[in-house]
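Q: Here it is, the structure, as structure tokens.
The values are calculated or read from the model by the stated rules, or taken from the named source; none is laboratory data. All values derive from a computational prediction rather than experimental measurement. Ideal geometry is used to build each Cβ from the backbone, glycine not excepted, and the neighbour counts take in all protein chains shown. Remember, those area values only see protein heavy atoms, side chains included, never the ligands or the DNA or RNA. Shrake-Rupley method; radii C 1.70, N 1.55, O 1.52, S 1.80 Å.
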Amino acid sequence: MPDRRRVFVKICGVRDEEAAQAAGEAGADAVGFVFYRPSRRWLEPWRAAQLGALLPEPVWRVGVFVDAPPEEVAATAAAARLTAVQLHGAETPAVAAALRRRLGIRVIKALGLASPADLERGRAWAEAPPDFFLLDAAPPAAAGAGLVGTRPNPPRSGADGGGGGEAIPGGSGRTFDWRWAARAAEVLPAPFLLAGGLTPTNVAEALAVARPAGVDVSSGVERDGRKDPALIRSFVEAVRRWEAGAAGAAATNADAAAADAAATNADAVAADAAAGGGRSAAPRWPSG
């Protein structure tokens, strides 16, 4: 299980050695390989196995699927040597539970958000929760019209779902209103990763607003449609800087709270002493 005190970082849509090595060296916790053929980031399972072999052992090798038959998921997971699957379609808790039992594998379930009400769909997973939910912007066809939320980013050139009106789940570079995630801890039966339009320059703000267990990035670390090792490193560094700042702030708050408590106790002792005329009571010894 991941360390809940550490922000979990997943770099998704990796297709080449440079990107895989950059993710591993930067300290990413997971790397995603896309097995959804309409995506421009799709790759063969054998290729994913090659790239996964370049990663440090603790790094999750995540296969991303969209409504793929369970037999296909199982065969791909074996061939690609996956340690987790990300279900990005309308898969049910029963399907996810069956895959977990059969493969002994971790599960991430994506929820596309077109409004805060879409979080309610996560309640159906209460009896068989995934390891993580992944909150992403719903594709345009599901969202109604155009961009989603109050912090819209247009899709980057060549990003999945951009151009041609295709509604390909994930990787589009679109955001949703991060404030929607504020209710996630109340509604979802598992921790969540934040995705959709994250970049090295906005991920700290996203973490501060949404407070997720982790983040997932794809198009935000690409340049001209390819993963950029420098952007991958910058993204992970930005997360770790925010993480260190948040830990420092928490420690400062804890110290302040302890100081306040000590001061309150001292005031109470002084008040008691004043009420007793400033004299300390003589100790009472048991009679012999």
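Q: At 0.36 nm per residue, minus the direct Cα-Cα distance, what do Glu25 and Ala275 gain on full extension? Give it in nm, one decimal, please.
A: On the way: separation 250, 0.36 × 250 = 90.00 nm, distance 6.44 nm.
Net length gain for the segment: 83.6 nm.
Q: When Rg is the radius of gyration of the Cα atoms in the stretch 1-139 and Rh is its Kirkwood radius, what does Rg/Rh come to?
A: Details: Rg = 14.5 Å, Rh = 15.3 Å.
Value, to two decimals: 0.95.
Q: Using only the alpha carbons of the stretch 69-114, what is the convex hull's orientation-averaged projected area in square nanometres?
A: 3.2
Q: Which distance in nm do the two modelled labels at Trp42 and Arg121 give, with both placed 7 Å along the Cα-to-Cβ direction?
A: 2.2
Q: Here's a follow-up. Describe numerically, in nm with one decimal, the distance between label points set 7 Å from Cα along Cα→Cβ at Ala230 and at Ala208.
A: Reported label-point gap for Ala230 and Ala208 is 2.6 nm.
Q: For the stretch 1-62, what is the Kirkwood hydrodynamic radius in Å, using each pair of distinct C-alpha atoms?
A: On the way: mean 1/r = 0.0844 Å⁻¹.
Result for the stretch 1-62, one decimal place: 11.8 Å.
Q: Roughly how far apart, in whole Å, are the Cα centres of the stretch 60-91 and the stretch 6-29?
A: 18
Q: Right, here's the next one. Roll a 1.4 Å probe over the protein heavy atoms and report the accessible area of Trp46 in Å², nearest 10.
A: Accessible surface of Trp46 is approximately 150 Å².
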